[in-house]
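Engineer: This structure is in structure tokens; I'll ask about it shortly.
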Amino acid sequence: MIKKYPLISTKTEMLINSVKDYLSTNKCCPYYPECTHPRVQSDPYIIFDKRFKSVFDEIVLCLKQASQETINHKLKTGNVNMEIACWAFLQEKGTVINKETWHNHLDKDKPNQTSFLIYLTPTDIGTIFINDYEVKQILVPETNCIYIWDSRYVHSPALGTVKNDRIVLAGNCFF
């Protein structure tokens, strides 16, 4: 259900500082803070900022590997386009996640959808998924790995108190 790929060239400390800087100037949407997004979430374009080029390249490579069967079929027909949306999320140290926020990233108008998540900071708070048998599975977070899954799966951050800033990059890919 979830595939994991290590990121090779990611310089974590530099990336974390760049994410914090990006979050300070690129809020989730024009309606912030009256929107329903999490309080500290960026717009969906972070991956196109030049500071994130190396991680963007690795994300694309991992997405292609994870989706190879579908992409191979499309290559035969000569039709491969990939759209990526990616955002950053910060859950600040000392805050509590006390309610599950179930959601998926499925767009009914797009085929071949894959979602991904990268934990940039060490954390005990992972992500809970509902699998095909409607059983909860907890993803134990590991930094500098990209986790990839079919966008139809609902998920939520696990519950708990955040011991250190919890910073993740998350996104969708359509091809």
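The values are calculated or read from the model by the stated rules, or taken from the named source; none is laboratory data. Values in this document were obtained by computation on a predicted structure and should not be read as measured data. Note: ideal-geometry Cβ built from the backbone for every residue, glycine included; neighbour counts use all protein chains shown.
Engineer: How many residues are assigned to a loop (DSSP other than H, G, I, E, B), over 19 Å from residue 173 (Cα atoms) and free of Cβ contacts under 8 Å to residues at least 60 places away in the same chain if we restrict to segment 131-157?
Structural biologist: Summing the residues that are assigned to a loop (DSSP other than H, G, I, E, B), over 19 Å from residue 173 (Cα atoms) and free of Cβ contacts under 8 Å to residues at least 60 places away in the same chain in segment 131-157 gives 5.
Engineer: Pairs under 9 Å by beta carbon, first residue within 23 Å of residue 53 (Cα to Cα) in segment 13-35, partner assigned to a helix (DSSP H, G or I) and at pLDDT below 90, six or more apart or different chains?
Structural biologist: 15/54; 15/55
Engineer: Criterion first (closer than 20 Å to residue 83 by Cβ, part of a strand (DSSP E or B) and in contact (Cβ under 8 Å) with a residue 12 or more places away in the chain) does residue 118 satisfy it?
Structural biologist: The answer is yes for residue 118.
Here's the yes/no breakdown for (1) more than 24 Å from residue 126 (Cβ to Cβ); (2) part of a helix (DSSP H, G or I); (3) at pLDDT 90 or above:
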site	(1), (2), (3)
5	no, no, yes
20	no, yes, yes
32	yes, no, no
51	yes, yes, yes
62	no, yes, no
69	yes, yes, no
75	yes, yes, no
86	no, no, yes
89	no, no, yes
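Engineer: Among the residues of segment 100-112, are any touching a helix residue (DSSP H, G or I) at 6+ places or on another chain (Cβ under 6 Å), more than 22 Å from residue 24 (Cβ to Cβ) and at pLDDT below 90?
Structural biologist: yes
Engineer: Next question, about the same structure. Which of (1) buried (at least 16 other Cβ atoms within 10 Å of the Cβ); (2) part of a strand (DSSP E or B); (3) out of contact with any Ser or Thr (no Cβ under 6 Å at 6 or more places or on another chain) does residue 128 not meet, given it meets every other one?
Structural biologist: For residue 128, the failing item is (3).
Engineer: Another question about this same structure. How many residues does segment 157-175 hold that are more than 14 Å from residue 107 (Cα to Cα) and crowded, with 17+ Cβ neighbours inside 10 Å?
Structural biologist: So the count comes out to 9.
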